[in-house]
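K.L.:
Could you have a look at this structure, given as structure tokens, before my questions?
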Amino acid sequence: MSEPRSVTVLLRAHREGDAGALNALAQLIYPDLKALARSRSRNSRSTGATTLVHETFLKLLSGGALTTEDRGQFFALAATIMRQIIVDEVRYAMAGKRAADEVTLMETVVGDDTHEQAEFLLQVNELLDTLARENARQAQVFECRYFAGFTTAETAEALSLSVRSVERAWSEARGRIAELIEASNA
């Protein structure tokens, strides 16, 4: 993992107008984002992880200056963006707008049982919005762990929480999402 202090320093330098800071930041965090994207992909196609990282970078940088204060906030934002990209890709693919022979990001995320897994992922995404209204911390932990593939320690760092708090929130969030799935399928 990249050095937290270095990321924070580069984010600050970028906000203060240092043109080279963004490039240095990209080079520093690219391996971390790639590892997260690869861990999120359910099969071995590296194209999906690369596409996810590149699209995440594009969204992170499309608004101009990054407003995150430190490495943790940066990776929490990256998790949210990864969730958006994955969900958008799944919706797009399920709408039948992809060529049949084209390898999609969705296939790398949901695996072999594409249609069923995609529907489940979209259901979880919707229920996560419900959870966010009930308990924002649990929703953030779930987003980092489920959609971005963060470990417990990475989630703790991204959200400025203790590892124990993340473990508790992750357990509670999974339980609540399971309850919501059961209720919506009844």
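K.L.:
If you scan the range 132-151, which residues turn out to be surrounded by 18 or more Cβ atoms within 10 Å (Cβ to Cβ) and either in a loop (DSSP other than H, G, I, E, B) or among the β-branched types (Val, Ile, Thr) (or both)?
P.N.:
Those that are surrounded by 18 or more Cβ atoms within 10 Å (Cβ to Cβ) and either in a loop (DSSP other than H, G, I, E, B) or among the β-branched types (Val, Ile, Thr) (or both): Val141, Ala148, Gly149, Phe150.
K.L.:
Any idea which of Val9, Val53 is closer than 22 Å to Glu157 by Cα, over 14 Å from the mean Cα position of the chain (by Cα), assigned to a helix (DSSP H, G or I) and at pLDDT 80 or above?
P.N.:
Result of the check over Val9, Val53: Val9.
K.L.:
Further, regarding this structure: Quick one: is Ala173 small (Gly, Ala, Ser), farther than 28 Å from Pro31 by Cα and either surrounded by fewer than 18 Cβ atoms within 10 Å (Cβ to Cβ) or modelled with pLDDT under 75 (or both)?
P.N.:
No, not satisfied.
K.L.:
Check whether at least one residue in the range 79-90 is part of a loop (DSSP other than H, G, I, E, B), at pLDDT 50 or above and surrounded by fewer than 22 Cβ atoms within 10 Å (Cβ to Cβ), and report yes or no.
P.N.:
No, there is no match, as no residue in the range 79-90 is part of a loop (DSSP other than H, G, I, E, B), at pLDDT 50 or above and surrounded by fewer than 22 Cβ atoms within 10 Å (Cβ to Cβ).
K.L.:
Only one residue in Ala156, Ala169 is free of Cβ contacts under 8 Å to residues at least 12 places away in the same chain, assigned to a helix (DSSP H, G or I) and either touching a helix residue (DSSP H, G or I) at 6+ places or on another chain (Cβ under 7 Å) or small (Gly, Ala, Ser) (or both). Which one?
P.N.:
Among Ala156, Ala169, only Ala156 is free of Cβ contacts under 8 Å to residues at least 12 places away in the same chain, assigned to a helix (DSSP H, G or I) and either touching a helix residue (DSSP H, G or I) at 6+ places or on another chain (Cβ under 7 Å) or small (Gly, Ala, Ser) (or both).
K.L.:
Here's another thing I want to ask about it. Could you check the range 58-67 and list, in sequence order, the residues that are surrounded by 15 or more Cβ atoms within 10 Å (Cβ to Cβ) and at pLDDT below 80?
P.N.:
Within the range 58-67, Leu60, Leu66 qualify.
The values are calculated or read from the model by the stated rules, or taken from the named source; none is laboratory data. None of these values were measured; they are calculated from a predicted model. Here the Cβ is made from the backbone with ideal geometry for all residues, glycine too, and neighbour counts use every protein chain on show.
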